Amino acid sequence: MSTESPIIVLPGEVIDRSLIPTHKKNPLRLGPGLRHIPPSEIVPTVAGQLVVDHRKTSMWIEYNGGRYIPSQGDLIIGQIARSATDFYYVSLSPYTPNATLPHLAFESATKKTRPQLSPGELVYARVSLANRHMDPELECVNSSTGKADGLGPLKDGMVFDVSLGFARRLLMAKSREEGKVEVLEALGEEGLAFETAVGRNGKVWVGSESVKTVVVVGRALKETDERGLGVEAQRKLVKKLVREMR
């Protein structure tokens, strides 16, 4: 991850070639907020901070405002809107067109064994197809292995809305070092038992046998996001919330 001063870009501004990561074998991966204009121009579609990951040969725009724009490979939390003959319509956000989730896009799914999901139920899925001319398509299975890899229906728990930028930080492989987010680790160190699923569409699902724990985790996440807390402030917040809980 680049450690230089933040690079702020505007929509339509051509990204300087010196900023584009390259690799002899791995192709360039464009994340949210960037578009490729053949033959070789890359332009932002939103205003924000340009983030470059040279190790993964990827780049994207970090931004909090605006609506979620699906990008292939994104992990999302969606709500079943309705079912059609062969797929579900899934809501990703109030301002994003419904995505489609094939009935058989689950681990070991057949017409007889596929999950029977009702409107309002939640799923953790990956965006398998996304472009400007078609509705997004989702999958709840790793197409290479046939395994769920943690994807699928989300039972019980609660969903909390966070900013798109905070969701991106939570999803970083090294969220503590690169995203400067320690709130979940700090909650676990306090002895709270819970599980989470983070959606790039600005949603975090929290599950636990304790309703109090779910509420505390959700509150910690939202306050960290809304107040822009640093690592030390996150740990102080966690201790305060846990103390109040007990």
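The values are calculated or read from the model by the stated rules, or taken from the named source; none is laboratory data. These figures come from a predicted structure and were not determined experimentally. Please note: Cβ atoms are built from the backbone with ideal geometry, for glycine as well, and neighbour counts cover all protein chains shown. Ligands, DNA and RNA are stripped out before the accessible areas are found, and what is left, the full protein with its side chains, is counted by its heavy atoms. Shrake-Rupley method; radii C 1.70, N 1.55, O 1.52, S 1.80 Å.
Things worth noting here:
- Exclusive hit being over 18 Å from the mean Cα position of the chain (by Cα) and open to solvent by less than 40 Å² (accessible area, probe 1.4 Å), set Val9, Val90: Val9
- The residues of the range 111-135 that are part of a strand (DSSP E or B) and closer than 25 Å to Gly207 by Cβ, listed by number, are Leu122, Val123, Tyr124, Ala125, Arg126, Val127, Ser128.
Rundown of residues vs (1) of a type in the set (A, V, I, L, M); (2) free of Cβ contacts under 8 Å to residues at least 40 places away in the same chain, yes/no style:
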| position | (1), (2) |
| --- | --- |
| Leu184 | yes, yes |
| Thr196 | no, yes |
| Lys203 | no, no |
| Gly230 | no, no |
| Leu237 | yes, no |
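- So Val217, is it modelled with pLDDT of 95 or more, crowded, with 19+ Cβ neighbours inside 10 Å and over 24 Å from Gly31 (Cβ atoms): yes
- Pair list, Cβ < 8 Å and 6+ apart or interchain, from the range 74-94 residues that are without any contact (Cβ under 8 Å) to a residue 24 or more places away in the chain and farther than 17 Å from Gly165 by Cβ to residues that are part of a strand (DSSP E or B) and of a type in the set (D, E, K, R): Tyr89/Arg82
- Selection within the range 186-211 - exposed (fewer than 14 other Cβ atoms within 10 Å of the Cβ) and more than 28 Å from Ser128 (Cβ to Cβ): Gly188, Glu189, Gly191, Ala193, Glu209, Ser210, Val211
- Test for Pro70: is it touching a strand residue (DSSP E or B) at 6+ places or on another chain (Cβ under 9 Å), outside any strand (DSSP E or B), free of Cβ contacts under 8 Å to residues at least 60 places away in the same chain and not aliphatic (A, V, I, L, M): no
- Within the range 93-110, restricting attention to residues that are open to solvent by 20 Å² or more (accessible area, probe 1.4 Å) and either among the basic types (Lys, Arg) or not in a loop (DSSP other than H, G, I, E, B) (or both), the residue that is farthest from Val198 (Cα to Cα) is Pro102.
- Filter result for Val123 (open to solvent by 30 Å² or more (accessible area, probe 1.4 Å) and either under 24 Å from Val214 (Cα atoms) or under 15 Å from the mean Cα position of the chain (by Cα) (or both)): no
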